[in-house]
Amino acid sequence: MYRSSNIVARIFNRQIRTPAPGTSVHHARRFYENLVPSYTVYEVECPDHWFRKFTDDGQYLVSFSRNHQELIVYRPRWLSFSCKDEDCDKHDLPPRAKRFDSFFTQLYCVPLASCNELICKDFFLYLESKQFGLFATSTAQGHHEAPAVGGAVHGVPSIEKITFHLLRLEDGEILDKKVFCNDYVNLAHNMGVFLYDDLLAIVSLRYQTIHVLQIRDSGNLVYVRAIGEFCREDDELFLSSNAQGMAFFDKNKQHQFPGNHVDNHMPQGQTNPENSFLSGIKQRLLSFIFQGLWNEERDETLRIQGLRKKFYFHFQDYVDLIIWKVQFLDRHHLLIKFGSVDGGVARNADHHPAFVAVYNMDTTEIVSFYQNSADELYLLFDQFCDHFHATSRNLMYMNFISSHSNNIHAREQLRSIKDKASNPSQ
């Protein structure tokens, strides 16, 4: 179909013609064929800020001050200068075009970090539906040999204070905060935090806990649940009640047999950490692996041999796994990446072996478990790539993004990359 190159004619056609169902986005993109940038401006006088990124909808430009204490947000002015003549290359832009304020308007400057905190320049999440921005500030990172107290993982560093700030980008008002003390969250490139619609998952590497929060329309961060040491909401209450019952039973036993009493210097009502259970999520994982190997063989002798080779021989390796990263697949399922402690705190974990599990938050069950080099996991990623990458399924433009799940050319490119990989883990 012939399309006029005149922008006025195309605007008129857009008003009187309705595109076919499901093609409105494509027609809107074609409209911008007439709006082509034809000039590059160099040596623009920019403020001495650290520019982070544009928001996904292009409404805001997020930047930080050089001392990493303040947040500065700009709004683009978009088309600032144009030419009416046919041959515009002969005309130079006015001198004002080399000024930053000709293209951006500063909305506000908000101090986020306190005197001993700094803004994490690599961290920013944007909730497009409500135009909320999530920022993070933290104190300096502690030493890797921080004492592993209170159930902390040995070898994971400690940060004295990590603060997440929920801010409305329209006016810069700080709506809510969430503080983690003496913890470690991987803030680089949003690795330790994942946003799906209004659900937020924050991974505590130090205490191996997945904190799930909900962002309300009012701007409040509402705590939903914590997954790690406990999986169900009443697990802690049940174990605490059981510990009190055992302490009461031991106390009565000591009164009945006073000569056999041995003082272990443990406060009453507290369990010995050396004899404590594994965390709830680790129990679910071990149970899933055991049941999978158990169901592989029907013969009792072969079943026992298989368990010895594949489960009990690697039992300690499974126990030592820690959670590296978490993301939502939907509002009920989490994709959890496990690995060693060294890989969890390393900047590049590609050379460390890892495992991937799908966890159902409602039933608290592990649905599937793969090593990162498993062919079955690769096939799932090949066929359902959009489910691994999409931050939200409600955004309209997500239906128009090409990936190797819905584009045959992208799939062939991915297969070519796989064939060139030097080792199976890649």
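The values are calculated or read from the model by the stated rules, or taken from the named source; none is laboratory data. If you're wondering where the values come from, they're calculated on a predicted model, not measured in any experiment. Ideal geometry is used to build each Cβ from the backbone, glycine not excepted, and the neighbour counts take in all protein chains shown. Heavy atoms of the whole protein, side chains included, go into the accessibility calculation; ligands, DNA and RNA do not. Shrake-Rupley method; radii C 1.70, N 1.55, O 1.52, S 1.80 Å.
Miscellaneous remarks
- Tyr74 being assigned to a loop (DSSP other than H, G, I, E, B), surrounded by 11 or more Cβ atoms within 10 Å (Cβ to Cβ) and of a type outside the set (S, T, N, Q): no
- Residue match in segment 200-221 (condition: within 18 Å of Leu175 (Cα to Cα) and under 10 Å from the mean Cα position of the chain (by Cα)): yes
- Of all residues making up segment 15-55, the number that are modelled with pLDDT under 80 and of a type in the set (D, E, K, R): 3
- Looking across segment 77-100 at every residue that is in contact with a strand residue (DSSP E or B) (Cβ under 9 Å, 6 or more places away or on another chain) and not in a loop (DSSP other than H, G, I, E, B), the one that is nearest to Ser129 (Cα to Cα) is identified as Phe100.
- Residue within segment 24-31 that is of a type in the set (S, T, N, Q) and either touching a helix residue (DSSP H, G or I) at 6+ places or on another chain (Cβ under 7 Å) or open to solvent by 70 Å² or more (accessible area, probe 1.4 Å) (or both) present: no
- If only residues of segment 149-173 that are open to solvent by 60 Å² or more (accessible area, probe 1.4 Å) and part of a strand (DSSP E or B) are counted, the one that is farthest from Gln131 (Cα to Cα) is Glu160.
- Selection over segment 191-205 of residues that are more than 15 Å from Lys337 (Cα to Cα) and open to solvent by 10 Å² or more (accessible area, probe 1.4 Å) gives a count of 5.
- Residue in segment 123-144 that is open to solvent by 60 Å² or more (accessible area, probe 1.4 Å), more than 22 Å from the chain's Cα centre (by Cα) and either on the phi > 0 side of the Ramachandran plot or without any contact (Cβ under 8 Å) to a residue 40 or more places away in the chain (or both) present: yes
Okay, residues lined up against (1) assigned by the TED database to the domain that holds Ser129; (2) within 14 Å of the chain's Cα centre (by Cα); (3) over 22 Å from Leu112 (Cα atoms); (4) not acidic (Asp, Glu):
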position: Pro157; (1), (2), (3), (4): yes, no, yes, yes
position: Ile162; (1), (2), (3), (4): yes, no, no, yes
position: Glu170; (1), (2), (3), (4): yes, no, no, no
position: Ile174; (1), (2), (3), (4): yes, no, no, yes
position: Asn182; (1), (2), (3), (4): yes, no, no, yes
position: Asp198; (1), (2), (3), (4): no, yes, yes, no
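- Qualifying residue in segment 14-23 (condition: under 31 Å from the mean Cα position of the chain (by Cα) and part of a helix (DSSP H, G or I)): no
- Between Leu302, Leu321, Leu293, the distinction of being at pLDDT 60 or above and within 30 Å of Tyr196 (Cα to Cα) belongs to Leu321 only.
- Filtered residue count, segment 98-142, keeping only those that are farther than 21 Å from Gly192 by Cβ and aromatic (Phe, Trp, Tyr): 4
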